[in-house]
Ligand code: 13P
């Protein structure tokens, strides 16, 4: 199953296409993403951050995504996002995730290679796709002082790729997680150098703040997966708050979600269109 995810992403890189991954938290935002993906008849990746799996278990997340088989028209690939723990990656692999990310980007290159290698070795027999990270994605608690702190060096990318063997690689090229005060300056020159140096599909993080034209430019250079999170969960939380505040004493979850879900769906559809310009008339 996941062998086909790696194959799909390789094909996407060759065809200059890109799979959208959305950070999801529960059945409601997953439902909204699935309905939006149906509108464009696309597969997508449902990505759980470690706090989601810690609260709910990777097993339940797997079952939740399985439960959407009759709702989604295309495949949903379940992915563990930004795990800094090798053990959590192994747990997700055991519980049937299609893909895991081991994020050793805050460690030394040597330690990053060792962590990534450990997950790659474990994932092989289960045919699970492994994403590694090199360089840093800014935003949240990641403080950088200079370009050297976040920009992935081509030599380091090649070392991690050759010595650890991940299937796909997230590279720090100037994007940031979450909302930013100004559009991030993406280092396209470095992205091109990295794409020339490694054949694997590349991953762009921080999808919320990236301009549509930059998304398209990055896809043409080898980005085959993009991660989108904050715009989805912040819409979900804001719109839920808005609805609950109208009559807190009588707030009833299914009725609230009936209002909120289409609004999250609209935001997801907008991002799917930005990623899949070829499908937009
Ligand atoms: P945003 O929250 O900026 O969309 O980034 C998501 C992400 O990169 C998850 O790995």
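Taken together, the values in this text are just the output of simple stated rules run on the coordinates, not laboratory data. No experiment lies behind these values; they were computed from the predicted model shown. All Cβ positions, glycine included, derive from the backbone under ideal geometry; neighbour counts span all protein chains shown.
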**Q.** Extension gain from residue 15 to residue 145, taking 0.36 nm per residue of separation minus the Cα-Cα distance
**A.** 43.1 nm
Q | Relative contact order (%) - criterion: Cα under 8 Å, at least six apart; region: the range 150-279 | A | 21 percent
**Q.** the range 214-231 residues near the modelled residue 199 label - backbone nitrogen below 20 Å, point 7 Å along Cα→Cβ
**A.** 220-225
Q | Estimated FRET transfer efficiency (residue 7, residue 153; beta-carbon r; R0 35 Å; 0.05) | A | 0.75
(Q) Can you sort 133, 193 from fewest to most other Cβ atoms within 10 Å of each residue's own Cβ? (A) 193, 133
**Q.** Over the range 15-59, relative contact order from alpha-carbon pairs under 8 Å, at least 6 apart, %
**A.** 48 percent
Q | Theoretical gain in end-to-end length, residue 266 to residue 281 [0.36 nm per residue, Cα-Cα removed] | A | 3.7 nm
Q. Once both labels are modelled 7 Å past Cα along the beta-carbon direction, what's the residue 49-residue 251 spacing in nm?
A. 2.0 nm
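Just to verify a number: FRET efficiency for residue 258 and residue 220, C-beta to C-beta distance, R0 = 25 Å, to 0.05? Please list the in-between numbers first.
On the way: r = 40 Å, r/R0 = 1.59.
Efficiency, from the Cβ-Cβ distance: 0.05.
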Q: Kindly put 239, 213, 147 in sequence by how many other C-beta atoms sit within 10 Å of each C-beta, fewest to most.
A: 213, 147, 239
Q. Tell me, in nm to one decimal, what length is gained between residue 73 and residue 94 on full extension, where the rule is 0.36 nm per residue of separation less the Cα-Cα distance?
A. 5.0 nm
(Q) What is the distance in Å between the Cα centroid of the range 151-218 and that of the range 59-76? (A) 29 Å
**Q.** Fewest-first sequence of 66, 29 by Cβ atoms within 10 Å of each Cβ
**A.** 66, 29
Q | Calculated on alpha-carbon atoms, Rg and Dmax of the chain in Å | A | 18.2, 59
